[in-house]
1. Pairs under 9 Å by beta carbon, first residue within 19 Å of Asn87 (Cα to Cα) in segment 51-76, partner among the basic types (Lys, Arg) and open to solvent by less than 70 Å² (accessible area, probe 1.4 Å), six or more apart or different chains?
2. Please find, within segment 6-42, the residue that is modelled with the lowest pLDDT out of those that are open to solvent by 90 Å² or more (accessible area, probe 1.4 Å) and over 36 Å from the mean Cα position of the chain (by Cα).
3. Tell me yes or no: at least one residue of segment 63-76 is of a type outside the set (D, E, K, R), touching an Asp or Glu at 6+ places or on another chain (Cβ under 6 Å) and modelled with pLDDT under 80.
4. I'd like the full set of residues that are hydroxyl-bearing (Ser, Thr, Tyr) and surrounded by 11 or more Cβ atoms within 10 Å (Cβ to Cβ), limited to segment 75-96.
5. Pairs needed: first member in segment 1-30, assigned to a helix (DSSP H, G or I); second member anywhere, modelled with pLDDT under 80; C-beta distance under 8 Å; at least 6 residues apart or different chains.
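The values are calculated or read from the model by the stated rules, or taken from the named source; none is laboratory data. Everything quoted here is computed from the prediction, not taken from an experiment. Quick reminder, even Gly has a Cβ in these numbers, built from the backbone with ideal geometry, and neighbours come from all protein chains shown. Just so you know, the surface numbers come from the protein's heavy atoms only, side chains and all, with ligands and any DNA or RNA stripped out. Shrake-Rupley method; radii C 1.70, N 1.55, O 1.52, S 1.80 Å.
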Amino acid sequence: MNEIYKTLAEGYEKLAAGYRALAKDQKDGKTVVEEPATQTEPEKKPIAIEDVRAVLAAKTQAGKRREVKELLLKYDSGKLSGVKPENYAALLADAEAL
């Protein structure tokens, strides 16, 4: 138990030292401003056929077999393997909207 208290005390000492350094920098007129990390949009991971298949299977099991078949026909195919990969995102969005 004593080790836990020692670890906590050391952490607080480091934290206090950090605050003292900040206060000293501001007192000396050295305002240190860190630039925020630039926000970049995360790269969009391509949608895999397995992701689309999982959603379509769930919709089919929920009793929407006809609607799923109509969606596949909308994307120029009667089956998922015939859908072009560039259409997976749109198909997935339509399927989730069912």
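1. These pairs meet every condition: Glu67/Lys59; Val68/Lys59; Leu71/Lys59.
2. That would be Lys30.
3. The first filter runs over segment 63-76 and keeps only residues of a type outside the set (D, E, K, R), leaving 63, 68, 71-73, 75.
The next check asks that each one be touching an Asp or Glu at 6+ places or on another chain (Cβ under 6 Å); those that pass are 71.
Checking the rest, the ones that are also modelled with pLDDT under 80 come to none.
Within segment 63-76, not a single residue is of a type outside the set (D, E, K, R), touching an Asp or Glu at 6+ places or on another chain (Cβ under 6 Å) and modelled with pLDDT under 80.
4. Tyr75, Ser77, Tyr88
5. Pairs found: Leu22/Val32; Asp25/Thr31; Asp25/Val32.
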